[in-house]
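Engineer: Questions regarding the structure given below will be posed in turn.
The values are calculated or read from the model by the stated rules, or taken from the named source; none is laboratory data. Just so it is clear, the model here is predicted, and its values are computed rather than measured. All Cβ positions, glycine included, derive from the backbone under ideal geometry; neighbour counts span all protein chains shown.
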Amino acid sequence: MRALIVDKVSEKTINKLRDRAIDVDYRPGIDYKSLLEIVEQYDILVFRGRLEIDKEVIARGKRLKVLARYGIGLDNVDVDYAVSKGIAIVNAPQASCISVAELTIGLMITAARNLHLYIDGVKKGEWPKGRYGGLELYGKTIGVVGFGKIGSRVGMYAKAMGMKLLVHDVRNINLEMSVIGGKQVDLETLLKESHIISLHVPLTPQTYHMINDHALSLVRDGAIIVNTSRGEVIDSVALLKHIDRLGGVALDVLEEEPPRSPHLLELIKHPKVIVTPHIGAETIEALEKISDELIENIMEAIRWR
């Protein structure tokens, strides 16, 4: 059995596949056209979020048995078509939850205290004490949109910091709210009442641009928005329109990665905007767990074929 890995993964992942008698070709950075030319040779395709694993890739991969996402999101995969072809789709949904949640809290604190501006000033030889001010988070209301494995952990961390918790989720989670001490509300209420808004939803047709011009018009002046889910959840053109009245925006994800569009380049240069290059899962621990979980799920998928 042959596996093609098209993005950077840990050496441990490669070795674990080889230990299981799988012939591995490691081609990180391969482009879409080259993938189309060689995918027919492989039974397993391991990838991240860089390339579109679309109908054409899947159709050409006549030997494909497993599509393995090194991480969580499957928004770059034509899932329905793959399933129709009898191809198993696996990922590592548990592995990076802690790391992403911790980054979310870090970004929230950075935005609230304007740490990025203070750090930049010191590096430039200034001593900007008191120049930008800051916001104390204790007693503030955090609105968590999406209360899955990551969102629920962010809510738990925020409660431990003395914050009030509002949650919007498509599921009824009132029982969870009674345990953690939060309140489930509709999205409009959350947007209006939260000092911090933290986004933790998958990218679906329903969540695409859910934070649009109308949604942003409901957000209170001075609020902070944090997005560590998917860039397309926020309409970045609308965000640029509203940025001056917000307290800050912290983004680990963008609609376009890396950013090239003029409006995105303008947005990320704004002093109220913090951008990290999609590093939610980029910790030693998360990458180790992704490797372990993904290999286990690949082998399970193969056993069931």
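Engineer: List, please: which pairs have Cβ atoms under 7 Å, are six or more places apart or on different chains, and start with a residue in the range 138-152 that is in contact (Cβ under 8 Å) with a residue 12 or more places away in the chain and end with one that is surrounded by fewer than 23 Cβ atoms within 10 Å (Cβ to Cβ) and among the small types (Gly, Ala, Ser)?
Structural biologist: Once the first residue is in contact (Cβ under 8 Å) with a residue 12 or more places away in the chain and sits in the range 138-152, its partners that are surrounded by fewer than 23 Cβ atoms within 10 Å (Cβ to Cβ) and among the small types (Gly, Ala, Ser) give 138/162; 139/162.
Engineer: Considering only the range 60-74, I want to know if a residue exists there that is of a type in the set (Val, Ile, Thr), at pLDDT 95 or above and in the same structural domain as residue 288 (by TED's automatic domain parsing).
Structural biologist: Yes, the conditions are met somewhere in the range 60-74.
Engineer: So, one more: Can you tell me how many residues within the range 9-44 are out of contact with any strand residue (DSSP E or B) (no Cβ under 7 Å at 6 or more places or on another chain) and aromatic (Phe, Trp, Tyr)?
Structural biologist: Looking only at that region, the number is 1.
Engineer: Do you know which residues across the range 287-304 are of a type in the set (Lys, Arg) and either under 11 Å from residue 46 (Cβ atoms) or free of Cβ contacts under 8 Å to residues at least 24 places away in the same chain (or both)?
Structural biologist: Answer for the range 287-304, where residues must be of a type in the set (Lys, Arg) and either under 11 Å from residue 46 (Cβ atoms) or free of Cβ contacts under 8 Å to residues at least 24 places away in the same chain (or both): just 303.
Engineer: If you go through the range 275-298 one residue at a time, how many are surrounded by 16 or more Cβ atoms within 10 Å (Cβ to Cβ) and either outside any helix (DSSP H, G or I) or of a type in the set (A, V, I, L, M, F, W, C) (or both)?
Structural biologist: Selection size over the range 275-298: 12.
Engineer: I'm trying to understand the selection: among the residues of the range 240-271, which are in contact (Cβ under 8 Å) with a residue 60 or more places away in the chain, buried (at least 16 other Cβ atoms within 10 Å of the Cβ) and assigned to a loop (DSSP other than H, G, I, E, B)?
Structural biologist: Answer for the range 240-271, where residues must be in contact (Cβ under 8 Å) with a residue 60 or more places away in the chain, buried (at least 16 other Cβ atoms within 10 Å of the Cβ) and assigned to a loop (DSSP other than H, G, I, E, B): 247, 252.
Engineer: Can I ask one more? Out of all the residues in the range 214-225, is one or more hydrophobic (A, V, I, L, M, F, W, C), touching a Leu at 6+ places or on another chain (Cβ under 6 Å) and touching a residue at least 60 places away in the same chain (Cβ under 8 Å)?
Structural biologist: No: the range 214-225 contains no residue that is hydrophobic (A, V, I, L, M, F, W, C), touching a Leu at 6+ places or on another chain (Cβ under 6 Å) and touching a residue at least 60 places away in the same chain (Cβ under 8 Å).
Engineer: Assess whether residue 29 counts as being surrounded by fewer than 21 Cβ atoms within 10 Å (Cβ to Cβ), more than 16 Å from residue 296 (Cα to Cα), of a type outside the set (Asp, Glu) and under 18 Å from the mean Cα position of the chain (by Cα).
Structural biologist: no
Engineer: Quick one: which of 8, 12 is in a helix (DSSP H, G or I) and modelled with pLDDT under 95?
Structural biologist: Unique residue meeting the criteria: 12.
Engineer: Take the range 28-53 and flag every residue that is within 20 Å of residue 282 (Cα to Cα) and either touching a helix residue (DSSP H, G or I) at 6+ places or on another chain (Cβ under 8 Å) or outside the structural domain of residue 298 (by TED's automatic domain parsing) (or both).
Structural biologist: Result: 46, 51.
Engineer: I want to confirm something. Restricting to the range 61-91 and keeping residues that are touching a residue at least 24 places away in the same chain (Cβ under 8 Å) and β-branched (Val, Ile, Thr), which single residue is surrounded by the fewest Cβ atoms within 10 Å (Cβ to Cβ)?
Structural biologist: Restricting to residues being touching a residue at least 24 places away in the same chain (Cβ under 8 Å) and β-branched (Val, Ile, Thr), the top hit is 87.
Engineer: Another one. Test residue 204 against the criterion of being buried (at least 23 other Cβ atoms within 10 Å of the Cβ) and in the same structural domain as residue 169 (by TED's automatic domain parsing), and give yes or no.
Structural biologist: Answer is no for this residue.
Engineer: Given the conditions (1) under 30 Å from residue 63 (Cβ atoms); (2) not assigned by TED's automatic domain parsing to the domain that holds residue 295, which single one is not true for residue 84?
Structural biologist: With respect to (1) under 30 Å from residue 63 (Cβ atoms); (2) not assigned by TED's automatic domain parsing to the domain that holds residue 295, residue 84 is out only on (2).
Engineer: Of the residues 213, 169, which is within 20 Å of residue 235 (Cβ to Cβ) and either in contact with a His (Cβ under 6 Å, 6 or more places away or on another chain) or in the same structural domain as residue 252 (by TED's automatic domain parsing) (or both)?
Structural biologist: So the residue among 213, 169 that is within 20 Å of residue 235 (Cβ to Cβ) and either in contact with a His (Cβ under 6 Å, 6 or more places away or on another chain) or in the same structural domain as residue 252 (by TED's automatic domain parsing) (or both) is 213.
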